[in-house]
Amino acid sequence: MASNRGEFSSSLGFIMAAAGSAIGLGNIWGFPTQTAQNGGAAFVLMYLILAFLVGYPLLMAEFVIGRHTRSNPVGAYQKMKGGKNFVPAGFIGILTSSLILSFYSIIAGTMMAHFVEPIFRLLGANAIADWCISNDPIRNITFTTIFFLLTISIITGGVKSGIEKWSSRLMPALLVMLIMLTIYVLTLNGAGEGVKIYLLPDFKKAFTGELLLGALGQSFFSLSLGVGTMLVYGSYISNKENLPRLGILVTLADVGIAFLAGLMIIPAIYVAANAGTQIFDEGGNLISGPNLVFQVLPEVFKIMGGLGIPAAIIFFLLMSVAALTSSISMLEVPVAYMVDAGKASRKTATWVIGGIFWIVGLIIAFGGDAILNMVVSLTTQYSQPLLGLVICVFIGWVAHRNTIIEEIKKGSPDIENTFFMKTWPFFVKFISPLLILIVFLKQFF
Ligand code: PHE
């Protein structure tokens, strides 16, 4: 049975796919944005701490459940002892992953539009170029649809010749582009000021509820946790693989890329300031979100002169690629459920589910910012941390300890007395759920 589901062909292939899922708009847009909003380095620090204390243990929990059951979130809870009561959480995870796909594709579509804009301009097609960066609803529909079609076409290819193949091609390209841009931005006038803000923490801000919640949400979103993505990818890992090691590599890649993206974007904001652009909003906060990406950064590209056009093309291509290797992982969750439950072939499941959430995406796009913000906060601020909590409770308190240890031992027989085995069980049982709960409840007080 398991062999029909597909399996990643090597550790590298898996790392590319899982890092591809983790590294996305959350790293390259969300992380720098949140850092800017929360006073720089203090946020960076809390994010790093939470990514390792909560994110990594949870990532491991998802890998273990996934590989042990070789199933999707619903099937996994159905198969494991004591999991029956958790099945609804499995369904909520699948729904959340699909909803994230819907709004993510709108933003990714906008990135693609900004990627092709300078190309059309170079070709002299100025009218089309203007349209690409306009607010025309047809523009949104067009690019969201193209992005959905790309996502669907990769997922119909399956685990090896879809997910693994494309992640392995796109992720190295992403890394090269990001490093090139970061180095270049750091040589521009004014970048130094941004580096300072980014790296020197203002500890007064480190423990505010808002910052902590932002940092926790960021680590969940960035590592694709709670909604079953990593569980499903874990279900395609071969028994030979060493799960704790894979988990650490994926976490390091994710955190590393977020850090690098911040090191490019925060200094870029100060490069724009140096050239006279307004970089603070009315509230006195550093500009962030869409204004940052679609207003401040284009100013920076202008300052770059002749190199501005290639830099803009590379930047928005980078964003689009990062988004695509993440969106495929979101679609894979409901598709795996349909296929595992015998409800449809991979191809049919992909087109049907892709089609449904494409329509949901268009509805969100037309609903305007209020609807978009509601879906974003429902899925990422509430659903993801709460589902993460449920997974900790299941693995830490309900599932049989031996089952879990045996699963981890499959690919790492010598794990018994390692640092990992001495700490991880304690973390998933106490530390991670407690931290999630504290940070989550803090927002209500
Ligand atoms: N990790 C992705 C990002 O940082 C987003 C994501 C969330 C992917 C949930 C899958 C599931 O952009």
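Only the coordinates and a few stated rules stand behind these numbers; no lab work does. Everything quoted here is computed from the prediction, not taken from an experiment. With ideal geometry, Cβ positions are generated from the backbone for all residues, glycine too; neighbour counts draw on all protein chains shown.
The alpha carbons of segment 193-281 give a radius of gyration and a Dmax of 17.7, 57 Å, in that order. Candidate cross-link partners of Lys160 among the lysines, defined by an alpha-carbon separation under 16 Å and a same-chain spacing of 8 or more, comprise Lys347.
In terms of its C-alpha gyration tensor, segment 189-234 comes out oblate, because a/c is 1.5 or above while a/b does not outweigh b/c.
Could you pull out the longest piece of the chain with no exposed loop trypsin sites (Lys or Arg not before Pro) in it, calling a site exposed if DSSP puts it outside H, G, I, E, B and it has at most 16 other Cβ atoms within 10 Å?
On the way: sites that count: Lys81, Lys240, Lys343.
Free of exposed loop sites, the longest segment is 82-239.
The Rg/Rh ratio for the chain is 0.96, where Rg is the radius of gyration of the alpha carbons and Rh is the Kirkwood radius.
Assuming charge only on the beta carbon of Lys and Arg (+1) and of Asp and Glu (-1), the dipole of the chain about its Cα centre is about 1240 debye to the nearest 20. Per residue, the average separation of C-alpha pairs within less than 8 Å and at least 6 apart gives segment 189-325 a relative contact order of 30 percent.
The aspartates and glutamates whose alpha-carbon is closer than 19 Å to the alpha-carbon of Lys84, local same-chain residues fewer than 8 away aside, are Glu62, Asp340. How high is the FRET efficiency between Ala127 and Lys302 when r is their beta carbon distance and R₀ equals 22 Å, given to the nearest 0.05? Between Ala127 and Lys302 the formula returns 0.55. Sites count as exposed loop sites when they are GluC sites (Glu not before Pro), lie in a DSSP loop, and have at most 15 other Cβ atoms within 10 angstrom; the longest stretch of the chain without one is 1-281. Legend: residue pairs Lys240/Lys409; Lys81/Lys422; Lys422/Lys442; Lys81/Lys410, Cα-Cα distance threshold 21 Å; pairs beyond threshold, Lys81/Lys422; Lys422/Lys442.
Just subtract the alpha-carbon distance of Ile248 and Lys442 from 0.36 nm times their residue separation and send over the number in nm, one decimal. Before the final figure, lay out the partial values.
On the way: separation 194, 0.36 × 194 = 69.84 nm, distance 2.87 nm.
Contour length minus Cα-Cα distance gives 67.0 nm.
Remark: the Met421-Ser161 segment gains 90.2 nm on full extension, using 0.36 nm per residue and subtracting the alpha carbon distance.
Can you give the Rg to Rh ratio for segment 298-399, taking only C-alpha atoms and Rh from Kirkwood?
Values: Rg = 19.3 Å, Rh = 17.3 Å.
That ratio is 1.12, to two decimals.
Extension gain for the segment Lys196 to Asn402, taken as residue separation times 0.36 nm less the Cα-Cα distance, is 69.3 nm to one decimal.
May I ask you to list the chymotrypsin sites (Phe, Trp or Tyr not before Pro) in segment 235-298 that are in a DSSP loop and have at most 10 other Cβ atoms within 10 Å of their Cβ? Walk me through the intermediate numbers first.
On the way: sites: Tyr236, Phe259, Tyr270, Phe280, Phe294; in loops: Tyr236.
Passing both the DSSP loop test and the Cβ count: no residue.
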